[in-house]
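The values are calculated or read from the model by the stated rules, or taken from the named source; none is laboratory data. Since we're looking at a predicted model, the values are computed, not measured. Cβ coordinates were reconstructed from backbone atoms using ideal geometry, including for glycine residues, and neighbour counts include every protein chain displayed.
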Amino acid sequence: MTGVPDFGSNELVPTVVQDVSTGQVLMVAYMNEVAFRTSSETGYAHFWSRSRQKLWKKGATSGNVMRIVNISLDCDDDAILLTVKPAGPACHTGTVSCFGQERTSGDEHADRVPAQGFYSLESLWATIAERANHLPEGSYTADLIAGGVEATARKVLEEAAEVAFAAKNHAFGSDSDGRVASEAADVIYHLLVLLAERRVNPRLVIEELAARAPRADS
């Protein structure tokens, strides 16, 4: 968290709440100085109810609390972005997000692919990049990067082979979904470490994938 909102100019500051795993906007509420301080101290989202004129902890009754991962302020210190790990639906109607009622001018029945949580890779990349920049002692990531491209490339090859074997075993029923996911996670992690060691921004990978999208199913 950086800084404190300008409560002197705005007694109530609008607060956007975002799921750390999916990047989905869950709700918008308001914080006053008490709600901000309580949220910061407890690590759980608290807001100020404009209708009841009282402090309330999100999920205090329903159990759908929101554990805070990060608190960010906008450039004017008059809006808050709360990144959280929600314990359940954000909306009182039972939907994941208060913005769940989509209104589009297109096909009302178009297929929608659910979010896969790739947003959380941003946090992983930030950690790996920090390790690459400072090479702290005792860090596995830093040690791997210090070993140069020979070390990072070797790990990518090893992990790629392991996920391939896990996938084949999965096909015969001897490995679980979780095992395949675990091995795939190792590949993604070590691939990001390789990119960090080579100083290649993963955004270039995303841009390349986006460029291929129109012809992906051709």
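Every residue, every condition in (1) farther than 26 Å from residue 118 by Cβ; (2) touching a Pro at 6+ places or on another chain (Cβ under 9 Å); (3) not assigned by TED's automatic domain parsing to the domain that holds residue 124, yes or no:
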position: 7; (1), (2), (3): yes, no, yes
position: 17; (1), (2), (3): no, yes, yes
position: 31; (1), (2), (3): yes, yes, yes
position: 39; (1), (2), (3): yes, no, yes
position: 42; (1), (2), (3): yes, no, yes
position: 47; (1), (2), (3): yes, no, yes
position: 63; (1), (2), (3): yes, no, yes
position: 67; (1), (2), (3): no, yes, yes
position: 76; (1), (2), (3): yes, no, yes
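Limited to region 184-208, what total is found for residues that are among the charged types (D, E, K, R) and within 22 Å of residue 150 (Cβ to Cβ)?
Qualifying residue count, region 184-208: 4.
Just the residues that are surrounded by 14 or more Cβ atoms within 10 Å (Cβ to Cβ) and in a helix (DSSP H, G or I), please, taken from region 128-145.
Initial filter on region 128-145 (surrounded by 14 or more Cβ atoms within 10 Å (Cβ to Cβ)): 128-132, 139, 141-145.
Of everything in region 128-145, those that are surrounded by 14 or more Cβ atoms within 10 Å (Cβ to Cβ) and in a helix (DSSP H, G or I) turn out to be 128, 129, 130, 131, 132, 141, 142, 143, 144, 145.
Let's see how each residue does on (1) modelled with pLDDT of 95 or more; (2) of a type in the set (Lys, Arg); (3) farther than 26 Å from residue 203 by Cα:
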| residue | (1), (2), (3) |
| --- | --- |
| 77 | no, no, yes |
| 83 | no, no, no |
| 89 | no, no, yes |
| 103 | no, yes, yes |
| 106 | no, no, yes |
| 109 | no, no, yes |
| 143 | yes, no, no |
| 150 | yes, no, no |
Taking only pairs six or more apart or across chains, which ones have beta-carbon atoms under 6 Å, a first residue in region 168-193 that is farther than 18 Å from residue 206 by Cα, and a second residue that is of a type in the set (Gly, Ala, Ser)?
-> 175/166; 179/166; 180/166; 180/167; 183/166
Within region 33-42, is there a residue that is touching a strand residue (DSSP E or B) at 6+ places or on another chain (Cβ under 8 Å) and not in a helix (DSSP H, G or I)?
-> no
What number of residues in region 166-193 are loosely packed, with under 12 Cβ neighbours inside 10 Å and not in a helix (DSSP H, G or I)?
-> 3
Do you know which residues across region 1-32 are surrounded by fewer than 16 Cβ atoms within 10 Å (Cβ to Cβ) and part of a strand (DSSP E or B)?
-> 14, 25, 28
Quick one: in region 52-73, of everything that is basic (Lys, Arg) and within 15 Å of residue 34 (Cβ to Cβ), which residue is surrounded by the most Cβ atoms within 10 Å (Cβ to Cβ)?
-> 58
